[in-house]
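Asker: Dropping a structure here in C-alpha cells format, bear with me for questions.
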Amino acid sequence: MADGTADGAADGIPPPGPAPVGPAPAVRPYLVTAGRVADAASGRALPLETQVVATAEGLDALGRLSFEQHDIVAACRLPQSLAELAARLRLHLNVVRVLAEDLREEGRLAVYVPDAAATRDASVLRRVIDGLRAIPDSRGVPSDTD
C-alpha cells in the first residue's frame, strides 16, 4: 500500500502466515549470486519443493555470513521448502537456490531433495488434491460437498 503497510495490517490485524524476515531487497539478484545461475554446477537446479534446514555449524556461523546467507540460515531453524523460503525472505527463487547450494557445500544447510520418481507419481497428486478438498471452508463444510 502507499503508506507502507501490508494488506490487512491497517486495521491492526496481521496478515496470516509467518511474517517476512524484512523488506524486499533493492539489490539485483545477479549481484547477490555474483552472476551465477541455479543449475550451473550440478547441471540441474534444485526443485522448488526441496526441503532445507540449518545445521548446527550454520547456526554457529550466523555472525560471519553475508546478509542473504544469514537470513536463509536463520529462517531455516525449522525445515521448509525452497519455495517457502524464497517467499518468506522476498528473494528470487533462483537466488535462494544458488545460495542454498553454497550453504550446503559449506555445511551450513542440510538439503533434502525429493525423490524424482515420487514427485511424478500421479497417486501422490491425487492424495494432495483429495486432502485439499477435505479442508473445511469458513462455514466448516468440506469443499468437496458443495
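The values are calculated or read from the model by the stated rules, or taken from the named source; none is laboratory data. Predicted model only: the values in this text are computed from it and were never measured. Don't worry about glycine lacking a Cβ; one is built from the backbone with ideal geometry, like all the others, and counts go over all protein chains shown. The protein model used for the area step is the full one, side chains on, heavy atoms only, and it has no ligands, DNA or RNA in it. Shrake-Rupley method; radii C 1.70, N 1.55, O 1.52, S 1.80 Å.
Asker: Closer than 16 Å to Ala54 by Cα and in a helix (DSSP H, G or I): does that describe Leu78?
Answerer: no
Asker: Report yes if some residue within the range 122-140 is in a helix (DSSP H, G or I), of a type outside the set (Gly, Ala, Ser), touching a Leu at 6+ places or on another chain (Cβ under 9 Å) and without any contact (Cβ under 8 Å) to a residue 60 or more places away in the chain; otherwise report no.
Answerer: Within the range 122-140 (the criterion being in a helix (DSSP H, G or I), of a type outside the set (Gly, Ala, Ser), touching a Leu at 6+ places or on another chain (Cβ under 9 Å) and without any contact (Cβ under 8 Å) to a residue 60 or more places away in the chain), the answer is no, since none of the residues qualifies.
Asker: Which residues, taken from the range 55-88, are small (Gly, Ala, Ser) and either within 13 Å of the chain's Cα centre (by Cα) or within 11 Å of Ala110 (Cα to Cα) (or both)?
Answerer: Result: Ala56, Gly58, Ala74, Ala75, Ser81, Ala83, Ala86, Ala87.
Asker: If a residue has to be open to solvent by less than 20 Å² (accessible area, probe 1.4 Å) and small (Gly, Ala, Ser) to count, how many in the range 70-81 make the cut?
Answerer: 2
Asker: Test Arg77 against the criterion of being charged (D, E, K, R) and closer than 25 Å to Leu125 by Cα, and give yes or no.
Answerer: The answer is no for Arg77.
Asker: Out of the residues in the range 113-137 that are surrounded by 11 or more Cβ atoms within 10 Å (Cβ to Cβ) and within 30 Å of Gly58 (Cα to Cα), which is modelled with the lowest pLDDT?
Answerer: The residue in question is Thr119.
Asker: Could you look through the range 99-110, keep only residues that are in a helix (DSSP H, G or I) and in contact with a helix residue (DSSP H, G or I) (Cβ under 8 Å, 6 or more places away or on another chain), and pick out the one that is surrounded by the fewest Cβ atoms within 10 Å (Cβ to Cβ)?
Answerer: Asp102
Asker: Is there a residue in the range 82-91 that is more than 24 Å from Val128 (Cβ to Cβ) and either outside any helix (DSSP H, G or I) or open to solvent by less than 10 Å² (accessible area, probe 1.4 Å) (or both)?
Answerer: The answer is yes, given that some residue of the range 82-91 is more than 24 Å from Val128 (Cβ to Cβ) and either outside any helix (DSSP H, G or I) or open to solvent by less than 10 Å² (accessible area, probe 1.4 Å) (or both).
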